[in-house]
Amino acid sequence: MAEGDVIVGLEVHCQLDTKSKLFCGCSTDYRADGPNTHVCPICLGLPGAMPVLNRKAIEFAMRVAKALNCAVLHESEFARKNYFYPDLDKGYQITQYDKPLAEGGYLGIDGDEGGERRIRITRIHVEEDPGRLVHMGNAERGKYSLVDYNRSGIPLIEIVSEPDMRSPKEARKFLNKLRATLEYLSVFDSEKEGSLRVDANISIRGSERVEVKNITSYKGVEKALTFEITRQKNLLRRGQRVERETRHFLEARGVTQSARSKEMEHDYRYFPEPDLRPLQVRSWVDGIVLPELPDARRERFMVQYGCSPGHARTLTGELRLANFFEKVVAADQKGLSALAATWIADTLIGELNYRDMGLDPVDPEGFTRLVLLLKQGTITDKSGIEVLRVMLDQRLRKEACETPEDIVRRLNLAKTSGDTGAIAAAIREAIAENPKAIDDYRAGKGGALNFLVGQVMKKTRGKADPGELNRMLTESLTDREG
């Protein structure tokens with residue numbers, strides 16, 4: 001690496017999707033039933049309360065460790081991390097320090113320069129979540145804050161990477177791949193608020209490292225790192241020094257703000273948790289069986305369904321999307337798979353994003369019928385998009401949903417293949433209305449033909465067969481030249 005290279009490492013806190021907390025039986029549904037209702041003497045840290053370890057949380061953590069190619073240590077140990085903060089009611093957090101659950105793995109991503117980049121995993125350790133501050137106003141100018149301890153004690157894993165990422169884009173790729181892996185393992189629910197939080201460590205080679213704390217979105221990580229790179233480079237350009245510090249990301253403004261000087265490990269006064277024995281998993285870890293993970297499923301989609309590498313990567317990048325695709329093609333894999341992959345990856349995702357709509361309301365059977373209409377040549381691609389939009393809008397408004405066939409009949413969207421008279425009339429109108437495009441075509445400008453095709457498609461409401469239209473239009477233009 002050259003002087004001035006960007007160096008990024010991430011510390012990712014993931015909430016494990018267990019029913020009960022890490023050291024007690026309280027519910028992890030911290031949003032239900034009002035503030036400070038899912039609490040007990042253990043998660044409140046009251047004197048004399050004794051923690052009891054949640055076995056399911058440790059099993060989930062070991063699944064993650066194996067999926068990230070880490071070595072699960074046969075003996076690990078919990079420790080007390082001592083610090084003061086209003087949402088940390090007992091004045092310390094039970095976590096793991098010098099004896100974590102797992103060490104030394106990696107996660108492969110697509111590097112910015114092409115090819116795979118392996119992001120090394122330093123360690124994975126288990127810890128409890130503190131409580132939650134609720135600011136009256138906003139975090140910057142709120143008049144006061146309230147504390148909700150419902151989240152106190154929820155099981156977390158912290159995944160610490162080596163500083164192997166070289167751009168904000170690579171950091172976001174790492175987080176997307178990690179999120180997909182956690183969902184495939186069924187240990188994590190990305191829909192829950194605060195289920196994934198990130199501390200990003202960033203430096204420009206040769207200068208001090210800065211930590212940006214508690215970033216709560218994937219886009220936020222990329223934005224925070226982009227801002228920090230610009231800020232640090234501007235300091236160095238002016239001959240100033242980058243201070244080693246902790247900063248907070250203010251997402252609404254897209255900037256980072258200094259919070260405090262960076263704590264060192266000795267500031268936390270770690271010592272072994274006296275109320276928990278060392279954790280021994282030698283006979284347990286070998287029994288952990290992993291499901292099919294994103295990389296393996298991507299390879300299978302290319303082999304089994306003939307998906308292109310790009311479509312396979314998109315489809316397997318989210319568990320719900322991969323499952324939806326397999327439901328769509330279940331009845332007729334060979335006949336529909338390639339077309340279905342294209343329409344899901346290139347069209348459906350865009351339409352869902354435009355509506356800020358999730359995948360769950362979309363009916364796989366209805367989508368299969370739409371793809372069949374496209375495969376059979378009953379409708380054109382343009383008409384298919386119109387049908388899809390009607391289907392999604394009906395789902396979004398929670399109306400009675402028509403079948404794709406009903407929508408085609410109601411809106412008269414069936415392809416006019418064979419109706420050459422209607423197509424010829426539309427071609428004549430388009431040629432008469434666009435003399436400049438005709439001149440451009442004669443001058444050898446290739447875009448002119450595409451423009452005229454678009455004009456004819458508008459006149460036929462997208463129902464003209466594209467192949468037949470191109471042939472007839474080219475013939476008409478050739479006749480005019482003659």
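No value in this document is a laboratory result; all are computed from the given coordinates. Note that the structure is predicted; figures quoted are calculated from it, not measured. Every residue, glycine as well, gets a Cβ built from its backbone with ideal geometry; the counts of neighbours run over all protein chains shown.
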Crossing angle, helix 319-328 versus the chain [Cα axis fit, 0-90 degrees, rounded to tens]: 30
FRET efficiency, 1/(1 + (r/R0)^6) with R0 25 Å, evaluated for Asp360 and Lys56 via beta carbons: 0.50
Filter on Lys56/Lys219; Lys19/Lys173; Lys375/Lys415; Lys219/Lys382; Lys56/Lys99 - keep pairs with C-alpha separation over 22 Å: Lys56/Lys219; Lys19/Lys173; Lys219/Lys382
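What is the fewest-to-most order of Val255, Val281, Val8, Val126 by other Cβ atoms lying within 10 Å of their Cβ? Present the calculation step by step, with values, prior to reporting the outcome.
Working: Val255 15, Val281 20, Val8 23, Val126 26.
In increasing order of surrounding Cβ atoms, one gets Val255, Val281, Val8, Val126.
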Relative contact order of region 6-285, pairs being alpha-carbon contacts under 8 Å that are 6 or more residues apart, as %: 24
Projected-area mean, the chain, by convex hull of Cα positions, square nanometres: 30.7
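Express in nm, to one decimal, how much length is gained between Glu191 and Asp439 on full extension, taking 0.36 nm for each residue of separation and deducting their alpha carbon distance.
Values: separation 248, 0.36 × 248 = 89.28 nm, distance 5.52 nm.
83.8 nm is the gain from fully extending Glu191 to Asp439.
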√(5λ) per eigenvalue of the Cα gyration tensor, region 6-285, largest first, Å: 30, 24, 18
Summed residue charge, Cβ within 13 Å of Arg277's Cβ, Lys/Arg positive, Asp/Glu negative: -3
Proxy reagent accessibility, fewest Cβ within 10 Å first, across Val221, Val6: Val6, Val221
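Given the -39500 (n - 2.57) contribution per DSSP H run of 4+ residues, what per-residue ellipticity at 222 nm results for the chain, rounded to the nearest 500 deg cm²/dmol?
Working: 16 runs with 188 residues, N = 482.
Result for the chain: -12000 deg cm²/dmol, rounded to the nearest 500.
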Aspartates and glutamates whose Cα lies under 13 Å from that of Lys177, excluding same-chain neighbours fewer than 8 positions away: Asp110, Glu116, Asp295, Glu318
Electrostatic dipole magnitude of region 6-285 [Cβ: Lys, Arg +1; Asp, Glu -1; Cα centre; debye, to 20]: 700
The chain - percent relative contact order, Cα under 8 Å, separation 6 or more: 13
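How much length is gained if the chain between Arg269 and His135 is pulled fully straight, taking 0.36 nm per residue apart and subtracting their Cα-Cα distance, in nm to one decimal? Before the final figure, lay out each step's value.
On the way: separation 134, 0.36 × 134 = 48.24 nm, distance 2.91 nm.
Answer, rounded to one decimal: 45.3 nm.
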